[in-house]
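The values are calculated or read from the model by the stated rules, or taken from the named source; none is laboratory data. Please read these numbers as outputs of a predicted model, since none were measured by experiment.
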Amino acid sequence: MNNGGHDWFGSWGSEDVESTEVLWHFFQLHCGGQFTSVEESLLSPSLAFWDGATFGLFETADLYAYDLQGRLLWERIQVPQHTRINVEDLSGVALIRVRSAEGNVSVVRIR
């Protein structure tokens, strides 16, 4: 984007380009992360929740935590239903992929 400055296009500044989509496409092509799209898997009923302070599970599931570059930080297998993880214990985590025993998947964005 010529003369674009430091705007995050699509959120403010120029609306002609969606920066998130362009960057995701670049990292998808050049990085080894496991995510393949910007869309989040939000299943009904949801497998987990994030309320800004706590991540919690509605059923027993496997957890995979990723940083902003799509790198796997940690995984926890068969985490019991009703488990809660406080924000202090999620340092560096941007996304948590939750997989139930039945194979259902949700992705929770941690902010």
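Restricting segment 50-93 to residues that are among the polar types (S, T, N, Q) and in a loop (DSSP other than H, G, I, E, B) leaves a set whose member that is nearest to the chain's Cα centre (by Cα) is Q69. In segment 22-45, the count of residues that are charged (D, E, K, R), modelled with pLDDT of 70 or more and within 20 Å of A101 (Cα to Cα) is zero.
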